[in-house]
Each structure stands twice: as C-alpha cells, then as structure tokens.
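Undergrad: Questions regarding the structure given below will be posed in turn.
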Amino acid sequence: MFRIRRIFDDVITRDREAIAQVQDILRKQFNALDAAEIDRLAGKLKNPLKYRFKTVLFIADDLQGRVRGFALVQHEPLMRFCYLDFISINPRDAGRGIGAALYEQVREEALSLQAGGVFFECLPDDPALCRDAELRRQSAARLRFYERFGAFPITGTRYETPFKPTDDAPPYLVFDSLGSTTDLRRKRAREIVQTILERKYGRRCPPGYIDMVVDSFADDPIRLRPPRYNNLRNKDASPAGVVTLDRRIALVVSDRHDIHHVKDRGYVEAPVRIKSILEGIQKLGICDQTEPRGFPERHIRAVHSNALVDYLKKMCALVEPGESVYPYVFPIRNAAKPPVEMPVRAGYYCIDTFTPLNRHAYTSARRAVDCALTAASILFKGYRFAYALVRPPGHHAERRAFGGFCYFNSTAVAAHFLSAAGRVAVLDIDYHHGNGTQNIFYKRRDVLTVSIHGNPKFAYPYFSGFVDEKGKDDGRGFNLNIPLEETVDGQRFRRSLATALDRIQKFKPQFLVVALGYDIAKGDPTGTWLLSPQDFEKNGRMIGSAGFPTLFVQEGGYRVPMLARNAGAFFRGFADGARAWLTLRSGRTHTDKDA
C-alpha cells in the first residue's frame, strides 16, 4: 500500500521530511545534478512565481512516511507545457506499479493545467547512439513503459547530438500528447525546445548548440517515432492499492453520536442530521472515510477548564438512563462557591436552559472531539482536506461553560492541536455566533477567529458576537465578527464571506478550520436566512479557492429534509474551488500581477 500526494511546501514536518528524502535521492541517484539546484527545491515549491517554471512535486510514500518514489515536474504557464524533470523509484520497489501511478498523476496534473503535452528526456535504445548494451536494455524498458501511455521520442531532429563527439548516450526528447489528436506544430515545438534547452543546459552547452538543435526541428507537424514495443496504452497501468490524496477529502464520522438522542419535544439536534449529511456528500465520490481514534483527555483540557471537564464527566455518569437534567438555577459565578448539589450546579456551568445533561452527553461529546482530532491529524499525513462529521456540535462551548447543544468545543480543540504546527484561522459560518471559540482564543494571536452570524441583538447566544469584539491583550485584532441582519440571501452572505476570506488571506495561516453550519439555509428552524443549495455551492467554491489545507468540523443545521442537498452542494463547490486553486498554484497566467 502506498499513497501519491503532492508536496506544496515545507511547513508541515511530514512534508519537510519528505522533501529532505527527495533531495537525498536526487543527490545519490543523480550525482551530476547541481547541488545548489537540489537545495533550492523547497524554495521553488513555496514561491513558484519566483521562477519561470512552476515546480510540482508528487511523492509516493507509505504510511510510515518513507518516500518510495517521486516525480518532479516543471510547468511553463505562458507556453502551456510541462517538462518532467525526474521520476525516480526506490530500486527495492521496482515492479510494484509506483512508477506507473506517479506518471498517471503527472499526466492528470498536466491535463488539469491545460498543458498541451508533457516533454521529458530518455536515454536512447539505439546502438548507434549508445554503446553500453546494459544501458540500452534499461532505456528500452523505460521507453516501453512510456509507450503504454502514448509517449514517444521525437524523431527527425538533432536533439540527440552530444555536446562532445566522444560523449555516449545523448538523450531523446520524448513527447506525450496526453491523448490529444492535435499535431505538434513546428513553430510551437521550436519555442518549447529552446525554452527547455536554455533552462536545462544553457550554461553547459557549447556556443551555437541550442540554435542548431532548434533549427533541426524542420518537420511540420513534428514527427514521433512509431510504436516499437506497444501499440495500446495500458489502461490498467496504475496498480490497485494506490491512493491519490490531493483532491480527496478525509471523512471522519462519529460512531457514537447516536447514543446522544434527546427525544424531548422541540429538541432539534437529532441523530438523523448525520445520516442526511452523509447521504449528500457520499454521492460526490470525493471522500475517503476513516475510522476515528481515541485521543487523551488532555487535548480537551487544553482549551476547557478542568472544573468543566470534571463536572460533565461526573454529572453525566449520575443521570439515570433516559432522563435529562436541564439547568434551572443560574448563580452569579463565584468560583469559590458553586452550588453543592450536582444537578443544581448545571446552571453554574451552562449558558442557557435548553442544553440537557444525560447519561451519554459526555461520551458523545468526547467522541466528537476524537473525530475532530483524527481529522486534524490526517492533515499532517498527506491529505489537504478533512471533514469531521460529528454531533453534538461544539462552537458554543466556552472555556468553562457549555450550552447551545454544545458540551466540548471540537472546533477549538482541533484548532489548538493544529496550532502546534503554525498559525490557524477559524472561519465560523454557522448561523449562530461561535461564542465558545471566540472565548477560548480571545487573547491569542496565533489563532485568528472569524465569524459570520446573525446579529446577537436578535440571534442566540445574544451576548456575544458584536462587531466591537476584536480580541484582547495579545489577541487584539485577531478576532473578527461579522454580524448580519435578520434577512440575508446568498449574495449578501457571499459579500461577507469575501470579507472574511480576505482577512484570513492577510493572516496567512498554515491551516484553515471551518466551523460548518447548515443552519444558514432557508427554512432552518433555528435561523432566519434564505440561502439555497446553489448558494451553498458558491460558498464552498469560495472557500476551496482560498487554497488552504482545510479542516471542516460540523456544527449546526437542523432542517433535515434539506441537509443532504445543502451538504452535497457545499462540498461539490468546495471541490471545484480547490481544484481551480491547485491549477492556479501550479501555473498562473500572464495576467497575474506578480508573474
């Protein structure tokens, strides 16, 4: 089992280690390669616009993070072609399909970039060009491999001319049309060949060499060598067991959410919510479901007070099965003198009268945190996107208080967990203000909190979410509230979402955590807004286009008949936006300001 994933930068430790492994392979297997060029790999990935070519790196690694192969591609966005610099497989893994899987990924990436083809060099299999019989055998195997994909050497040119007459095995230039039936015309071929040679050999080749080779491309259209080893592309070139992660969403669904089932009249936070959302997103075929795993309680205590955690654990264990305890006494919060009786003490820790404690509230909330942390940890393992589909929700749970159907703040726990690797932005798009998330991070500058919500003048939680709440002490300026009016349509919401994303872009986080609420939809029993499935799709596209490694944590959304449609629309839009960003990231056009 191995995975194909793209490395964008060296921010995450796992990616930094993968780049180091690739550099080590380059040093060992390509000893003629300039050492400084190898050292610049991370910089090229992080800042692709600094160089004419945009560097794209795919690796094949195992679950332990060992790089078993890689493909390094250069994309020229103005001329719209890709050049495959290196594709290398660990010799111990030869014959396991890793090379085929990597090359399939290269072709898919080139197609998504609308490249007119992939060019690369391959040593010759012709005795007239290569005196070494073993080298010819190896070259023949490589050319046989590439023929399966429709890639053939360009013939009838002087590209194979060595720099010195004594040099052996000058390379072919191989062209993969990516299945296009359009011929490669002479003018375009000459421009591309000149660009390749100047970049690859400009400082090494003798004077006049590049012009000589370019002028030798005389045929129009350019001719390719006829198939020598295969006639048909192998449709099954990629092996079973390979997983491509860049455009997939890791999905973690709580397996204990349904034990928290409050059947009291008017309680809308029901288990059927998860089933409906799951139905909507599974149809898209873009999610890989992963089982949740347990995490130590210390992750919860990192954002919640010990007193709150201890109380919820003890109180929920005392409630009789099938019964619920609702807060009904709300003493002024004197930390030295909480109520003695455990049921009465509920009001000491709760912010409202409609969030019950029952036998399974602690267990299900604890499992929701496990799911959020599982999804967050997956972002360190190759996936760029993950979705923790959980209930009960969490964003109303403050450091020392629960409420709003929320007990532990899964969103905040996950954001704190990710902050160990760099700055994190939390974008809350639930109808209700995430007072808990704001409360937990209000004095921190490493976690930016941004919330779009109904104005607390008329919407729960009523006391938090005003525009003048901007953070405190070190966190001053790192909390942004965007409270909106009672009637909001999709266009109005998107204007606010653009403002939120602009602030997040300026913050430059390593991760984006989205507190995802579907209660902004028209007809939701807890909201007043008018968003349609089409609006959810546009919202998702905007967030996907932002380009951040993103964790979604489920919050509200209670109009069950529409949850499947709205969830499906949102993630369809997100996938489209993320795909567009990946294309843009690999190669921007001449309209870019900084190109």
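The values are calculated or read from the model by the stated rules, or taken from the named source; none is laboratory data. Treat the numbers as computed from the prediction; the structure is a model and nothing was measured. So basically every Cβ, Gly included, is an ideal-geometry build from the backbone, and we count neighbours across all protein chains shown.
Undergrad: Specify which of the listed residues (Asp219, Asp183) is out of contact with any helix residue (DSSP H, G or I) (no Cβ under 9 Å at 6 or more places or on another chain) and in a loop (DSSP other than H, G, I, E, B).
TA: Numbers: Asp219 fails: out of contact with any helix residue (DSSP H, G or I) (no Cβ under 9 Å at 6 or more places or on another chain).
Step by step, each of Asp219, Asp183 is checked, and only Asp183 is out of contact with any helix residue (DSSP H, G or I) (no Cβ under 9 Å at 6 or more places or on another chain) and in a loop (DSSP other than H, G, I, E, B).
Undergrad: Right, another one. Quick check on my filter: what residues within segment 530-545 are farther than 15 Å from Asp428 by Cβ and touching a strand residue (DSSP E or B) at 6+ places or on another chain (Cβ under 9 Å)?
TA: Leu530, Leu531, Ser532, Pro533, Asp535, Phe536, Gly544
Undergrad: Hey, another quick one. So how many residues does segment 395-407 have that are under 18 Å from Gln554 (Cβ atoms) and touching a strand residue (DSSP E or B) at 6+ places or on another chain (Cβ under 8 Å)? Before the answer, list the steps.
TA: We begin by selecting, within segment 395-407, every residue under 18 Å from Gln554 (Cβ atoms); these are 395-397, 402-407.
Still in the list and also touching a strand residue (DSSP E or B) at 6+ places or on another chain (Cβ under 8 Å): 395-397, 402-403.
Within segment 395-407, residues that are under 18 Å from Gln554 (Cβ atoms) and touching a strand residue (DSSP E or B) at 6+ places or on another chain (Cβ under 8 Å) number 5.
Undergrad: Take the residues of segment 507-517 that are in a loop (DSSP other than H, G, I, E, B) and farther than 20 Å from Ala250 by Cβ: which is nearest to the chain's Cα centre (by Cα)?
TA: So, considering only residues that are in a loop (DSSP other than H, G, I, E, B) and farther than 20 Å from Ala250 by Cβ, the one nearest to the chain's Cα centre (by Cα) is Lys508.
Undergrad: Here's another thing I want to ask about it. Given the criteria at negative phi, among the aliphatic types (A, V, I, L, M) and not in a helix (DSSP H, G or I), does Leu497 qualify?
TA: no
Undergrad: So, one more: Would you mind telling me which numbered condition in (1) outside any loop (DSSP other than H, G, I, E, B); (2) surrounded by fewer than 23 Cβ atoms within 10 Å (Cβ to Cβ); (3) modelled with pLDDT of 95 or more Tyr348 fails?
TA: It fails just one condition, (3).
Undergrad: Restricting attention to segment 199-235, which residues are at pLDDT below 90, hydrophobic (A, V, I, L, M, F, W, C) and surrounded by 12 or more Cβ atoms within 10 Å (Cβ to Cβ)?
TA: Cys205
Undergrad: Can you tell me which residue among Phe402, Phe380, Phe441 is closer than 26 Å to Ile274 by Cα, crowded, with 23+ Cβ neighbours inside 10 Å, of a type outside the set (Gly, Ala, Ser) and in the same structural domain as Asp264 (by TED's automatic domain parsing)?
TA: Phe402
Undergrad: What are the pairs with Cβ atoms under 6 angstrom where one residue, in segment 24-46, is closer than 29 Å to Leu584 by Cβ and the other, located anywhere, is loosely packed, with under 11 Cβ neighbours inside 10 Å and among the aliphatic types (A, V, I, L, M)? Sequence gap at least six, or different chains.
TA: Between residues of segment 24-46 that are closer than 29 Å to Leu584 by Cβ and residues that are loosely packed, with under 11 Cβ neighbours inside 10 Å and among the aliphatic types (A, V, I, L, M), there is no close pair.
Undergrad: Report whether or not Asp524 is among the acidic types (Asp, Glu), out of contact with any strand residue (DSSP E or B) (no Cβ under 8 Å at 6 or more places or on another chain) and surrounded by 17 or more Cβ atoms within 10 Å (Cβ to Cβ). Talk me through it step by step, then tell me what you get.
TA: Values: among the acidic types (Asp, Glu): yes; out of contact with any strand residue (DSSP E or B) (no Cβ under 8 Å at 6 or more places or on another chain): yes; surrounded by 17 or more Cβ atoms within 10 Å (Cβ to Cβ): yes.
Yes; evaluated as a whole, the condition is true for this residue.
Undergrad: Please work out which one of (1) within 15 Å of Ile196 (Cβ to Cβ); (2) buried (at least 21 other Cβ atoms within 10 Å of the Cβ); (3) out of contact with any helix residue (DSSP H, G or I) (no Cβ under 8 Å at 6 or more places or on another chain) is the condition Leu102 fails and give its number.
TA: (1)
Undergrad: Tell me, which strands (runs of 3 or more DSSP E) wholly within segment 115-176 include 2 or more residues that are buried (at least 17 other Cβ atoms within 10 Å of the Cβ) and either free of Cβ contacts under 8 Å to residues at least 60 places away in the same chain or not assigned by TED's automatic domain parsing to the domain that holds Arg199 (or both)?
TA: Working: elements: 118-122, 151-155, 172-176.
Strands (runs of 3 or more DSSP E) meeting the threshold: 118-122, 172-176.
Undergrad: Also, quick follow-up: Quick check on my filter: what residues within segment 355-389 are part of a loop (DSSP other than H, G, I, E, B) and over 16 Å from Phe408 (Cα atoms)?
TA: Hits for segment 355-389 are Leu379, Phe380, Lys381, Gly382, Tyr383, Arg384.
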